[in-house]
Amino acid sequence: MSDDLVVGGGGSIAVATVTLFAQAQRLERLERNLEECVRTLGAMDAAAASRLPGTADCRPALEQAARGIDDARALLGLAVVRTGHLAAGLQLSANVYGAGESALAALGERLAGDFAAGLGFLAARLGLVLAPGLLVASSRAALAYAVASTVIPDATRRGTDAAERWGVGQRAILSDPRFVQFARVSIVSVDEFAAGAAGLPLPVVRMLGDDGIGILGIDTTVGAVAAGASVVGALRETPIRIAPVARGTSTRADGFADRAARVPSGRAQVRIDQYSAPGQPDRFEVYLGGTADFSPTSGTEPWDLTSNISALSGEPSGAYRAVADVLNHAGVGAQSPLVVTGYSQGGLVAAQLAASGDYDVRALFTLGAPSGQVDVPRDVPWVAVEHTDDLVPALGGTWARADPVLVRREVFSDGPPPPELAVPAHAAEHYRATAKFIDAANERRLLAAGAEFDAVGRGAERVETTWYRAWRAP
């Protein structure tokens, strides 16, 4: 497995591996050290010249030493220049790569959107011919689903299990970084396909899309899917109930790996750490777990497929409403300093909390979250971690509305993915490993963001931890 991280974003166009950035920083430090050596030799030369003795026997040796110092200063000065050029060259290569990557991504999205609009137009014209048959087939399928999910208690579970088995069989394709990127671009083009199918001209489609006024987007298309599914009893939101299930004391979070390790993975879905110190307002860190139920029919679990779809459509999902209730129960107010960490669906909810404006979010850490289209304010320090062979973050589309410090890593670059899961790079254990690599990275943007995270808990004398469980009410 690869441990090489690629870092970009965070207000900079530079994109490169942590190794390249580290080499550039080493060269910059070497340049400063060499400059200090030049200054020291200059001071020594001046001091020696002011104290030259008058004896003729010593003067030649001292003059030779002075010439040696001058030669050393000249060589060191040349080394300073060349070291500076090397450091600047590495930084320039990162900037050029980042600018090129951004330009190619924008071009690819534009071409994909135009192609999708044209394909939608053609599909709609063909659909006029096939409409009667498609209508009958879709009606029968919807009726069959509704009857099966009602009459056969575990029909939905069987369908979910079958889909999971199919995904495991296709894991090599689903984990290919090229397919992941294709899926990311395709998802943000679905709205253009729908607009083309509606007969809108291409200039109008562009104007309504992300490059224009932004009316069309993933949320529009996913919202339509959710509305259609609700007709047959799928993807329906419900009221939410919450309750604390455990309490204890702990220590303040220290670093990205520590935060990743605190994300709940068992019975509780939410963890809150409350930092207290005399004479200071309480501060909080909240940790949100990932999807626990992939059934399209809502059960008792709010961290489910229904919440995923609701969140992607921009609606308040069951998971989001549960977290809001938990924060209120824990005493988190609009002015309470808050750090949010979330994995998978929990990361999507975390980003939406930061974007809502209802909380004083001081820092945001997401792992494997489909949050690319969430409009988080740019003054919120955000470190977003994605594995390039993980399909789940790609389901959130491209990073069109936010600019986090984006950390990418390919988990299975050295061989095929293991056979246990459909998307093995999405496993929480791999994101926890990536968080450890982030802590070890000496990259400016990550160091600056880490300082913002740690500032919230600094000085805390007591840390009280509460775990919460949420349920969907009938």
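The values are calculated or read from the model by the stated rules, or taken from the named source; none is laboratory data. Only a predicted model underlies this, so the values are computations on that prediction, with no experimental measurement involved. When we count neighbours, we look across all protein chains shown, and the Cβ atoms used for this are built from the backbone with ideal geometry, even at glycine.
Which ranges mark the strands (runs of 3 or more DSSP E) fully within the range 328-417 that have 3 or more residues being β-branched (V, I, T) and either within 27 Å of D293 (Cβ to Cβ) or assigned by TED's automatic domain parsing to the domain that holds I309 (or both)? Break it down stepwise before answering.
Numbers: elements: 337-343, 360-367, 382-387, 405-409.
Per the criteria, 337-343.
If a residue has to be surrounded by fewer than 24 Cβ atoms within 10 Å (Cβ to Cβ) and assigned to a loop (DSSP other than H, G, I, E, B) to count, how many in the range 304-321 make the cut?
4
Is there a residue in the range 213-223 that is at pLDDT below 80 and more than 24 Å from G372 (Cα to Cα)? Write out each step before concluding.
Narrowing the range 213-223 to residues at pLDDT below 80: 213-223.
Applying the additional criterion that residues be more than 24 Å from G372 (Cα to Cα) yields none.
No: the range 213-223 contains no residue that is at pLDDT below 80 and more than 24 Å from G372 (Cα to Cα).
Yes/no matrix, rows are residues, columns are (1) of a type in the set (D, E, K, R); (2) over 26 Å from P377 (Cβ atoms); (3) touching a His at 6+ places or on another chain (Cβ under 6 Å):
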| site | (1), (2), (3) |
| --- | --- |
| A400 | no, no, no |
| H426 | no, yes, no |
| R432 | yes, yes, no |
| D439 | yes, no, no |
| E452 | yes, no, no |
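Among the residues that make up the range 331-344, is at least one of them more than 23 Å from V188 (Cα to Cα), surrounded by fewer than 20 Cβ atoms within 10 Å (Cβ to Cβ) and among the hydrophobic types (A, V, I, L, M, F, W, C)?
Looking through the range 331-344, at least one residue is more than 23 Å from V188 (Cα to Cα), surrounded by fewer than 20 Cβ atoms within 10 Å (Cβ to Cβ) and among the hydrophobic types (A, V, I, L, M, F, W, C).
What is the residue count in the range 263-286 for residues that are crowded, with 16+ Cβ neighbours inside 10 Å and not in a loop (DSSP other than H, G, I, E, B)?
10
Within the range 395-406, can one find any residue that is modelled with pLDDT of 95 or more and among the acidic types (D, E)?
Within the range 395-406, not a single residue is modelled with pLDDT of 95 or more and among the acidic types (D, E).
May I ask you to list the residues in the range 287-303 that are in contact (Cβ under 8 Å) with a residue 24 or more places away in the chain, surrounded by 14 or more Cβ atoms within 10 Å (Cβ to Cβ) and either out of contact with any helix residue (DSSP H, G or I) (no Cβ under 6 Å at 6 or more places or on another chain) or not assigned by TED's automatic domain parsing to the domain that holds R462 (or both)?
G299, E301
Pick out the one residue from T398, T366, T388, T434 that is β-branched (V, I, T), closer than 21 Å to G314 by Cα, in contact (Cβ under 8 Å) with a residue 40 or more places away in the chain and touching a helix residue (DSSP H, G or I) at 6+ places or on another chain (Cβ under 9 Å).
On the way: T366 fails: in contact (Cβ under 8 Å) with a residue 40 or more places away in the chain; T388 fails: closer than 21 Å to G314 by Cα; T434 fails: closer than 21 Å to G314 by Cα.
Checking each option against the conditions leaves just T398.
Is it fair to say A449 is hydrophobic (A, V, I, L, M, F, W, C), touching a residue at least 40 places away in the same chain (Cβ under 8 Å), closer than 19 Å to L5 by Cα and in the same structural domain as L305 (by TED's automatic domain parsing)? Break it down into steps so the answer makes sense when it comes.
On the way: hydrophobic (A, V, I, L, M, F, W, C): yes; touching a residue at least 40 places away in the same chain (Cβ under 8 Å): yes; closer than 19 Å to L5 by Cα: yes; in the same structural domain as L305 (by TED's automatic domain parsing): yes.
In short, yes.
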